[in-house]
Amino acid sequence: MEDLRPGRDVAEVVGGVIRQRRSTRHFSDRKVSHDDLLRLVEAGIYAPSGHNSQNQRFIILEQFKELEALDRVRFSWPYKSAVKRLMGRDPKGIIRGARAAIVVLSDDSLTSPGSTGEYFIWRDLNVQNSAASIQNILLLATAMGIGNVWISASSKMNFTRLLSSRRWAEALPEYEIPAHYSVHGVVALGYPRGTNADDEPEVFPAGERKHGVVWAPTERGNLDHYLIPRCRRKMKRMKGQLKGWDVVRLQLLDKLARASVSFTQRLDRAISHIEARSRKARRSSR
Ligand SMILES: Cc1cc2nc3c(=O)[nH]c(=O)nc-3n(C[C@H](O)[C@H](O)[C@H](O)COP(=O)(O)O)c2cc1C
């Protein structure tokens with residue numbers, strides 16, 4: 001490791017891994033070794049963290065029973081029976097088909113706002129820290145030839161989008177997950193389907209089916225598509241050209257945008273109070 005000096009060769013390799021990474025959703029029977037899973041968690045630990053909170057936490061799952069339980073929570077869709085009828089099969093989750101998974105959580109007590117308020121900012125750090133860890137895990141897994149996919153997760157999603165009242169913690173009763181931990185994502189892992197032996201080359205998919213229906217190519221466009229060009233001069237010119245109603249409209253939209261940010265912040269504070277109260281109630285009822 002000490003021999004690894006930054007330079008063109010290392011950049012070539014790292015850049016190659018970054019470009020090669022693709023979401024894998026179909027896995028072979030080949031097991032991912034426990035040592036490899038530990039190495040992946042280590043990659044997650046080396047991710048940056050806002051305020052150096054280092055509050056990312058991890059659970060390694062290797063047993064099918066546990067993967068299945070997690071899968072049931074993540075994919076407990078309210079419209080499951082309708083999907084089954086339409087597709088003629090269960091919308092089986094990806095996690096269940098994986099050989100292992102790493103659940104990424106945050107210890108929210110370490111990014112506690114204390115007396116500073118601004119709860120909404122701190123909570124975002126938890127999500128961002130976890131995302132940094134997840135990406136590290138995906139990249140190292142790719143470098144190791146282990147197929148991987150980022151599965152989004154959060155208790156909020158479970159209550160709203162997926163309309164499930166089941167909590168992540170309930171799916172994993174063998175693990176003591178403190179109430180002040182939040183789940184932010186799951187990395188499903190395994191060797192890509194068709195690679196059952198060490199000497200078989202890994203096959204990362206070049207495209208994917210979204211929710212079993214829409215084909216979405218995953219190759220990326222060229223840099224211009226993603227780069228926002230510098231255009232301040234153009235903006236200034238535009239401002240000078242704005243007249244009458246356009247100026248009024250622009251000002252109104254600006255006010256609306258500011259109001260919506262302030263409303264979101266208030267909402268966030270209200271949520272934080274309710275969560276703190278319910279946490280306190282839970283603690284005192286124990
Ligand atoms: C925040 C985040 C959440 C994601 N959640 C899911 C998910 O729940 N299920 C899934 O199959 N893929 C999920 N993905 C993977 C994306 O669908 C995938 O990265 C994207 O389609 C691009 O394909 P690629 O990863 O092969 O480049 C997620 C990716 C990110 C970054």
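Determine whether residue 67 is within 15 Å of the ligand (Cβ to nearest atom), within 13 Å of residue 189 (Cβ to Cβ), touching a helix residue (DSSP H, G or I) at 6+ places or on another chain (Cβ under 8 Å) and at pLDDT 90 or above.
Yes: the conditions hold for residue 67.
Which fully enclosed strands (runs of 3 or more DSSP E) of region 178-286 have 1 or more residues being surrounded by 10 or more Cβ atoms within 10 Å (Cβ to Cβ), touching a strand residue (DSSP E or B) at 6+ places or on another chain (Cβ under 8 Å) and modelled with pLDDT of 80 or more?
Of the strands (runs of 3 or more DSSP E) lying wholly inside region 178-286, those with at least 1 residues that are surrounded by 10 or more Cβ atoms within 10 Å (Cβ to Cβ), touching a strand residue (DSSP E or B) at 6+ places or on another chain (Cβ under 8 Å) and modelled with pLDDT of 80 or more span 181-190.
Can you name the residue in region 14-44 that is modelled with pLDDT of 95 or more and among the acidic types (Asp, Glu) and, of all such residues, is nearest to residue 101 (Cα to Cα)?
Once the filter is applied, the top-ranked residue is 36.
List pairs: first in region 130-143 and at positive phi, second modelled with pLDDT under 95, Cβ under 8 Å, 6+ apart or cross-chain?
none
Of the conditions (1) within 16 Å of the ligand (Cβ to nearest atom); (2) surrounded by fewer than 19 Cβ atoms within 10 Å (Cβ to Cβ), residue 24 clears all except one; give me its number.
Status for residue 24: all satisfied but (2).
The values are calculated or read from the model by the stated rules, or taken from the named source; none is laboratory data. This structure is a prediction, so every number in the text was calculated from the model and none was measured. Neighbour counts run over all protein chains shown; Cβ positions are idealised from the backbone, glycine included.
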